[in-house]
């Protein structure tokens, strides 16, 4: 798990509160926009969680046991470039976003195209796309894969947490059946704690209801 120095954390928190403050133009009174705070805390929380579900060392041991090798440092960029190009081609026009963060990839899949409302059953019309994604993830097997479930703020915290876990598990199970080794996969549900948009509008809530597949290269020690 990555750790943020206390001074950095304090700076982030201060910036968050400052950015979330609004001023009434008539009274001059300042107040806190709780939606903005929620989005900011979610972003900071995601950073604190580290780069892999379950930790890198434990995952690496499992992968070695499953016969998955590591990538030499100088080859990582090109390896992930090829995988990114394949995933972008396969998901073009489907509503899935492929996001590059350094050498990591995130496939962001809105629940509107992956699941019916209040369900963790993958919609039939999305299975063709997910089949292609599974094929690529199987071909590029020198990567960790995290399947992450998220919801909007509608409903109770406890219910949203369970639904996010069920949806992440459903996608992971689907990938496993289609050849993606379970030893490579981590699963986590975040419920409503990691919004990427405001929950005050239907458009924002639709963005927050999502499953993400994070793809991280397995690198040799020292890289």
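The values are calculated or read from the model by the stated rules, or taken from the named source; none is laboratory data. These numbers were taken from a predicted model, which means no experiment stands behind them. Positions of Cβ are generated from backbone atoms using ideal geometry, with glycine treated the same way; all protein chains shown enter the neighbour counts.
Counting only residues that are under 18 Å from the mean Cα position of the chain (by Cα), closer than 13 Å to residue 209 by Cβ and loosely packed, with under 14 Cβ neighbours inside 10 Å, how many does the range 84-125 have?
Adding up the residues that qualify gives 1.
Between 137, 163, which is part of a helix (DSSP H, G or I), assigned by TED's automatic domain parsing to the domain that holds residue 69 and either within 20 Å of residue 63 (Cβ to Cβ) or out of contact with any strand residue (DSSP E or B) (no Cβ under 9 Å at 6 or more places or on another chain) (or both)?
Residue meeting the stated conditions: 137.
Being more than 13 Å from the chain's Cα centre (by Cα) and farther than 28 Å from residue 200 by Cβ narrows it down to one of 184, 166, so name that one.
On inspection, the qualifying residue turns out to be 184.
Looking at the range 173-203, which of its residues are part of a helix (DSSP H, G or I) and touching a residue at least 12 places away in the same chain (Cβ under 8 Å)?
174, 175, 183, 184
Tell me which residues, restricted to the range 147-160, are over 15 Å from the mean Cα position of the chain (by Cα) and not in a helix (DSSP H, G or I).
Answer for the range 147-160, where residues must be over 15 Å from the mean Cα position of the chain (by Cα) and not in a helix (DSSP H, G or I): 153, 154, 155, 156.
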